[in-house]
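Step one of this worksheet: look at the structure below.
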Amino acid sequence: MESALAPIIDCVMTHWAGVYIKSHPRGVEASGRPHIELHFSTFSSKQMKGVPAVGGAVKEMKKELRTVGARVDG
């Protein structure tokens, strides 16, 4: 559920200062599991600083989600 993601999202955003993660519920899968889309963003005066930060946050988020048994696409 989306509420179960909140502590994970907060933890990842703490590790990756400047990266903002927003969750968007997208209904329920055929299996009955909730489908939640995550959007990652950052602001930087230099693009090359933002790209690694977002990439690192995505990688950490995927790891944490798999740890709690979530299916990760993309």
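Restricting the first member to the stretch 1-26 and to residues that are of a type in the set (S, T, N, Q), and the second to residues that are crowded, with 18+ Cβ neighbours inside 10 Å, the beta-carbon pairs closer than 8 Å and six or more apart or on different chains are Ser23/Leu5; Ser23/Ile9; Ser23/Leu38. If you filter the stretch 33-57 down to residues that are basic (Lys, Arg) and either touching a Phe, Trp or Tyr at 6+ places or on another chain (Cβ under 7 Å) or over 14 Å from Glu2 (Cα atoms) (or both), you find that the one that is surrounded by the most Cβ atoms within 10 Å (Cβ to Cβ) is Lys49. The lone criterion from (1) surrounded by fewer than 16 Cβ atoms within 10 Å (Cβ to Cβ); (2) assigned to a helix (DSSP H, G or I); (3) acidic (Asp, Glu) left unmet by Glu60 is number (1). When Arg66 is tested against (1) surrounded by fewer than 14 Cβ atoms within 10 Å (Cβ to Cβ); (2) assigned to a strand (DSSP E or B), only condition (2) is not met.
When the stretch 24-49 is filtered for residues that are in a strand (DSSP E or B), modelled with pLDDT under 90 and farther than 12 Å from Asp73 by Cβ, the ones remaining, listed by number, are Pro25, Gly27, Val28, Pro34. One residue stands out in the stretch 16-32 among those that are surrounded by 11 or more Cβ atoms within 10 Å (Cβ to Cβ) and farther than 16 Å from Arg71 by Cα: the one that is farthest from the chain's Cα centre (by Cα), namely Gly18.
Pick out the one residue from Leu65, Leu38 that is on the phi < 0 side of the Ramachandran plot and touching a residue at least 40 places away in the same chain (Cβ under 8 Å).
On the way: Leu38 fails: touching a residue at least 40 places away in the same chain (Cβ under 8 Å).
The match here is Leu65.
The values are calculated or read from the model by the stated rules, or taken from the named source; none is laboratory data. All values reported here derive from a predicted model rather than from experimental measurement. Cβ sites come from the backbone with ideal geometry, for glycine too, and all protein chains shown count toward neighbours.
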